[in-house]
Amino acid sequence: MIEARGLSKRYGDVVAVDDVSFSIGKGEVVGFLGPNGAGKTTTMRMLTGFLPPTEGTAVIAGHDIFEQAIDARRSVGYLPETPPLYPEMTCRSYLTYVAKIKDVPRARRHGAVDQAIERCGLEDVHRRVISTLSKGFRQRVGIAQAILGDPPVLILDEPTVGLDPLQIREIRSLIAGLAAPGKGESQQTVVLSTHILAEVEAICRRVILISDGRKQVDAPITELTSGGRSLEEIFTQATLRDASADLDLEGDG
Amino acid sequence: MRHIPTVAGRELRSLFVSPVAYGVLSLFSILGGVFFILYVAEFSEWVFRLQQMQAAQQLEDLNLSDHLVNGFYGSMSMVLLFLIPGVTMGLFTSEKANGTDELLLTSPLTIWDIVLGKFLAASAFVALLTAIVGMFPAILFLYGDPELGKTLSGLLGVLLVGWTYAAIGCFASSLTRSQVLAFLITFVILLCILLVPAMADLGIAGGAPGIAELLRWLSTGAHFDELSKGLVDTSDLAYFAVIIGVFLCMTKAVVESVRWR
Ligand SMILES: Nc1ncnc2c1ncn2[C@@H]1O[C@H](COP(=O)(O)OP(=O)(O)O)[C@@H](O)[C@H]1O
Ligand SMILES: [Mg+2]
């Protein structure tokens, strides 16, 4: 469903993402793990068509992000790092607007909005103006707009950042629910980014670890931990290896 | 292109929840009333004086369209110069502040959907302002007989001037993240356009007649005047279409370049 082919992004001299490739199949839930500044947001922005890659390309649900940009974007539900909300709109009118611009057919629009409201637990606040909602609810509205209309691919950038532990637990079970759909709901491919290990362990079956813009690890979690090592060890090792590689380079120069 | 009305509708609704829209509408109506009363008073004064001087010929030449309505339209289009930057300053800057630019640019919308949707919303608001302008000369029809053709073509002039200003404001708003800056950029561009004929007259063109001609053609005022005189000429209409088109294309290029930065 998602095919990244040698994605790179440079900002002037800063290499934010460096030749990242991966392939994610239908129904997978993949954790995009990495420390702050690793290049997670940049990679997701390239996948969603917000930023063009400096090099490489990606194919989303069979559509090339350059060649069939509109079709690729139509296949993706995206929660950016900051939820993209209009503070003056009510939750419901906002979701209806998003349903329109995301080409959810008119006949399905009302139902899709209701479903997103229900799945994100917004029933009590859907008539309220977004600016009056708490941070936790705003994050949920952000997730609701991403899952609206059941796009085959979901890309969620740090969906639990800034929430309290209770809200984090709720959002995690919500995402876990997306990957294991009930009857009549279509199976979605989910990529979520996080810098929190426990999050990946809690929701994902596969982890892609990036550090300093490079892919370090890409494997199912069960496989990684089968050697008796904890995910934490692997995580520190991978990020440290990278740091020492940098040090070595500096020594050479 | 299907989504232009969707984008415009949301833009208008958010404009009308903000105090800006109501502030602009009230201020514009009040100023409209004030200018109208001033022009009516001036006109009556002329009539009175000319009657005293028994200048029958001049009295004959004096008419509501040329000596009242046109001046009023001119003043109101000057007011638009100050108010429209306030209406358009939030068009793109607020998307960037909310982070909703990321939503729009990753949705299946085209850039034209976004740009034209926003321009359509601003244009609808300008149409509302023009309707307010139109109410005042409508009063004159109750008491006198201004020329309907001139009244309407002048009003068309106000509308086109407003749309031109809106296109320029749209462009300025796409350039920056700051509403204040967007206001100022719009205002500066509008002032430049206003001053262009003066520059032509001052001979900045350096005697090259082609350039002076071009500068005069660029001035909004000249084309507005033609319309006020009741002359609806395709070349004047084309002028407004060209300026609006150029600024909208530039807006599209800027919005696109954000994606490519
Ligand atoms: N617009 C930008 N201009 C310059 N550098 C940027 C820009 N956006 C991100 N970066 C840099 O790219 C790197 C990766 O950033 P990001 O993708 O946001 O990381 P993450 O989401 O993993 O925290 C960082 O070093 C960041 O400073
Ligand atoms: Mg990030």
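Read-outs throughout are calculated quantities, based only on the coordinates presented, and are distinct from any laboratory measurement. If you're wondering where the values come from, they're calculated on a predicted model, not measured in any experiment. All Cβ positions, even for glycine, are placed from backbone atoms using ideal geometry, and neighbour counts span all protein chains on display.
What to note about this one:
- Inter-chain Cβ neighbour count for A:139-146, averaged per residue, equals 1 (cutoff 10 Å, partner chain atoms only).
- Inter-label distance for B:LYS229 and A:ARG169, nm, one decimal - labels placed 7 Å from Cα along Cα-to-Cβ: 8.0
- Placed amide H near A:THR90: partners under 5 Å, 5+ positions off or other chain: A:ILE130
- A:ILE196-B:TRP112 FRET efficiency (beta carbon distance; Förster radius 45 Å; 0.05 resolution): 0.65
- Counting only other chain Cβ atoms within 10 Å of each residue's Cβ, the peptide A:85-98 averages 3.
- From helices alone, the protein assembly as shown scores -20500 deg cm²/dmol at 222 nm; the rule is -39500 (n - 2.57) for each run of n ≥ 4 DSSP H residues, then divide by the residue total.
- Pair-distance distribution P(r) for region B:1-115, from all Cα-Cα distances in 10 Å bins starting at 0: 12, 28, 21, 17, 12, 8, 3, 0 percent.
- Theoretical gain in end-to-end length, B:ALA238 to B:LEU142 [0.36 nm per residue, Cα-Cα removed]: 31.2 nm
- Among residues other than B:ASP66 with Cβ under 10 Å from its Cβ, the summed charge is 0 (Lys and Arg +1, Asp and Glu -1).
- Spin-label zone in region A:146-162 - amide nitrogen under 19 Å from a point set 7 Å from the Cα of A:ARG108 along the C-beta vector: A:146-155
- Set of lysines with alpha-carbon distance to B:LYS229 below 30 Å, sequence-local pairs under 8 removed: B:LYS150
- The mean sequence distance of close C-alpha pairs (under 8 Å, at least 6 residues apart), as a share of the length of region B:4-259, puts its relative contact order at 26 percent.
- Summarising the amide proton neighbourhood of B:SER219: residues at separation of 5 or more, or on other chains, whose placed amide H is nearer than 5 Å comprise an empty set.
- Kyte-Doolittle mean at least 0.5, axial Cα span of 24 Å or more - DSSP H helices of chain B: B:19-52, B:70-88, B:111-143, B:148-175, B:179-201, B:234-259
- Highest-first arrangement of A:15-22, A:76-83, where packing means the average Cβ count within 10 Å: A:76-83, A:15-22
- Note on A:LYS102: lysines with a C-alpha under 28 Å away, same-chain residues under 8 apart excluded, are A:LYS9, A:LYS26, A:LYS40, A:LYS135, A:LYS183, B:LYS96, B:LYS118, B:LYS252.
- Under a 5 Å amide H cut-off, with hydrogens placed 1.01 Å from N, A:VAL217 pairs with A:LEU209 among residues at least 5 apart or on other chains.
- Label sites at A:VAL14 and B:ILE37, each approximated as a point 7 angstrom past Cα along Cα to Cβ, lie 5.8 nm apart.
- Helix A:165-179 and the longest principal axis of the C-alpha atoms of chain A enclose an angle of approximately 90°.
- Normalised by the number of residues in chain A, the mean separation of alpha-carbon contacts (under 8 Å, six or more apart) gives a relative contact order of 25 percent.
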